[in-house]
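Asker: Structure provided below as C-alpha cells; questions to follow.
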Amino acid sequence: MGKNRLLLGIFIIGTIFIQISFHVMLNLKTKEFEKINYVGTAEKQKIYLKALIEEKRNATLSLAIGLSKSEDLLKILKDPKSSVNLEKITLDLRENTKFKNVWFHLISKKGISLYRSWTEEKGDSVLRSRTGVKEMIKNPKITSLISVGQYDMTFKAMIPLFNKKKEFLGIFEVITHFNSISRKLREKEEVESVFLADKKFKNQLKKPLSKIFVDDFYVGNIDSKKRYLNFIKNVGSEKLIGKYEDYIRGTHKFFQNGVHIDHEQNLLITICYIKNHIENSVGYVVLFSSLDKVDMSNIEIAKVAYHIYSFFSILFLGIVLYFISKTQYQSEGAKIYGNKLVAILLLILFFASGVIHYFLENRLKADIEFFKEAQKRDTLVEYGLLEKKNQEIAELIFKTQINKKKIIDIFKKATSKNQKIKDRVRDELYKALKD
C-alpha cells in the first residue's frame, strides 16, 4: 500500500512537472513566434510598399519619355504666349490607364513655370522650392525623383527639351501622386497608410493639395483615415518618426525591430523612410494593419505539437509507474533491484523529455527557416513587378531613342577592324545618345 502511494505521489509530481515544463516552453516559443510573425509581416509590407513606389516612379518616367516628343511642348517653350492644353491627355489616362490624377508641368530654362495642367497659375519661379529643377538647369538630363513642391509630395519625372541646334530650352515634367499606392496597400494587403512630407517642407507648401497636416508634417495621401492621423498625433509625430539612423541600428524609441505592437488598439505599425539623391529626408510612410490579420498558424501548430508531446510524456510516466506497482519483491536484494529499476526508468523519462525538447527545438528552427524562405519568395514576387516595369521602360527607350536609322548606321560602322575607326564610332555613338 505504501509503495502504491509513493508511486501515485511520483506520478502526480511528475505530471505537474511535465505540464509546467511544457507550459513554460510553449509560452517562450509562442512569444518568439509572435515576434517573428510581427517582424516578418512588417517586412513584407515594406517590401510591397517599396515595390509599389519603384513601379510608380518607373511608370511616371516611362510616361514622361513617351510624351516629351510632342511638338506642342517645344512650341510653348519657344513662345510662352502660345497656348497648349494637355488636360485631354490627363482625362484619357484617367479613363484608360491606372493613372487617375496626372499633372503636366512645363518649366523654362530660367526656372519659370510656363504651364501647369492642374491650375491656371504660371509665370512664377520654382527655383526656390525645387532644388531638383536647379540641378536640372545646371546639368540637363532625364531625372526621376520624389520631392515636395508648393502643392504636394509627388513623383516627378523631368525630361530636358532641346531645339534642333541641341540648345536647352526647358523642362517637361510629369507629376503623379501617392494616392494610388495608398489604395493598392488597402485593397491588396489590407494595410492603411499615412504618407508624410518632412516638416522642413511645411513653409514651402503654399497650396497643399490635401490640406491635411499632422503637427508640422504634411499628409500626402488624401484618403488617409482620421483614426490613424489621430494615432500619430497622440503618440507624437516627432517621437514616432524619430531618426533614420536609430531605426537602422535598432535603437529607435518607438519601433523595436522595425515594428510597434499596440495590443490595446489591435494594431501593428511600421514605418518607411522616403529619401532621394537630393534631399536627405523627403518624407515617411507609416503603415497600420490589424493584429488579427497577422498569420499565426505556426503558433497553433506548435501548441498542438506541445500538447501531444506532453500527453505522451505523461502516458509514458504512467505506464512505467504502473509496471513498477505490479512488480513483487521476494527479498531485500530484489527490493534494492526494484529501487534501482525505478531510478533507471525515471532517468529514461528525463532522457525522453530531453529528446522531445530537442525535436521541438529542431521543429522551431525548421519553421523559422520555412518562414524566411516564404519571405524570400514573396520578395521575389514583388520585385518581379519592378522587373516587368523596367523591361517596359527599356523597350520604350529602345524604340524611341536607339532604334533609329542614325544610331543603327553608327553601329554598322563599329564592325570595322580599324581601332581608330572604332574609337571614333564610340565617340560618335556617345554624342548621338547623349543628344
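The values are calculated or read from the model by the stated rules, or taken from the named source; none is laboratory data. Values in this document were obtained by computation on a predicted structure and should not be read as measured data. FYI the Cβ positions are ideal-geometry reconstructions off the backbone, even for glycines, and counts take in every protein chain you see.
Asker: Taking Lys44 as meeting all but one of (1) assigned to a helix (DSSP H, G or I); (2) surrounded by fewer than 20 Cβ atoms within 10 Å (Cβ to Cβ); (3) at pLDDT below 85; (4) under 33 Å from the mean Cα position of the chain (by Cα), write down the number of the exception.
Answerer: Evaluating Lys44 over (1) assigned to a helix (DSSP H, G or I); (2) surrounded by fewer than 20 Cβ atoms within 10 Å (Cβ to Cβ); (3) at pLDDT below 85; (4) under 33 Å from the mean Cα position of the chain (by Cα) leaves (3) as the failure.
Asker: With the requirement that a residue be free of Cβ contacts under 8 Å to residues at least 12 places away in the same chain and part of a helix (DSSP H, G or I), what does region 228-249 give you?
Answerer: Asn230, Asn234, Glu245, Asp246, Ile248, Arg249, listed by residue number.
Asker: If you don't mind, there's one more thing I want to ask. State which residue is surrounded by the fewest Cβ atoms within 10 Å (Cβ to Cβ) when the search covers only region 279-290 and only residues that are under 18 Å from the mean Cα position of the chain (by Cα) and either at pLDDT below 85 or not in a strand (DSSP E or B) (or both).
Answerer: Ser281
Asker: Related question: Take the residues of region 212-264 that are over 19 Å from the mean Cα position of the chain (by Cα) and among the aromatic types (Phe, Trp, Tyr): which is farthest from Gly40 (Cα to Cα)?
Answerer: Looking at residues that are over 19 Å from the mean Cα position of the chain (by Cα) and among the aromatic types (Phe, Trp, Tyr), I get Phe213.
Asker: Also: Which of (1) of a type in the set (Gly, Ala, Ser); (2) in a helix (DSSP H, G or I); (3) in contact with a strand residue (DSSP E or B) (Cβ under 9 Å, 6 or more places away or on another chain) does Ala157 not meet, given it meets every other one?
Answerer: (2)
Asker: Scan (1) β-branched (Val, Ile, Thr); (2) over 22 Å from Glu190 (Cα atoms); (3) in contact with a Lys or Arg (Cβ under 9 Å, 6 or more places away or on another chain) for the single condition Val285 breaks and write down its number.
Answerer: Status for Val285: all satisfied but (2).
Asker: Considering only region 136-160, how many residues are buried (at least 21 other Cβ atoms within 10 Å of the Cβ) and over 27 Å from the mean Cα position of the chain (by Cα)?
Answerer: The qualifying residues number 2.
Asker: Checking the structure you have, find out if any residue of region 48-67 is modelled with pLDDT under 85 and surrounded by fewer than 16 Cβ atoms within 10 Å (Cβ to Cβ).
Answerer: Checked region 48-67: at least one residue is modelled with pLDDT under 85 and surrounded by fewer than 16 Cβ atoms within 10 Å (Cβ to Cβ).
Asker: Give the residue, chosen from Leu106, Leu145, that is touching a helix residue (DSSP H, G or I) at 6+ places or on another chain (Cβ under 9 Å), part of a strand (DSSP E or B), modelled with pLDDT of 85 or more and more than 25 Å from Ile53 (Cβ to Cβ).
Answerer: Leu106
Asker: Mind checking which residues of region 226-278 are loosely packed, with under 13 Cβ neighbours inside 10 Å, among the acidic types (Asp, Glu) and at pLDDT below 85?
Answerer: Hit for region 226-278 is Glu245, nothing else.
Asker: Please determine whether any residue of region 191-209 is of a type in the set (Asp, Glu) and without any contact (Cβ under 8 Å) to a residue 40 or more places away in the chain.
Answerer: No, region 191-209 has no match at all.
Asker: Only one of these is in contact with a His (Cβ under 8 Å, 6 or more places away or on another chain) and basic (Lys, Arg): Lys164, Lys239, Lys243. Name it.
Answerer: Lys243
Asker: Taking the condition out of contact with any helix residue (DSSP H, G or I) (no Cβ under 7 Å at 6 or more places or on another chain), at pLDDT 90 or above and buried (at least 23 other Cβ atoms within 10 Å of the Cβ), does Ile175 pass?
Answerer: In short, yes.
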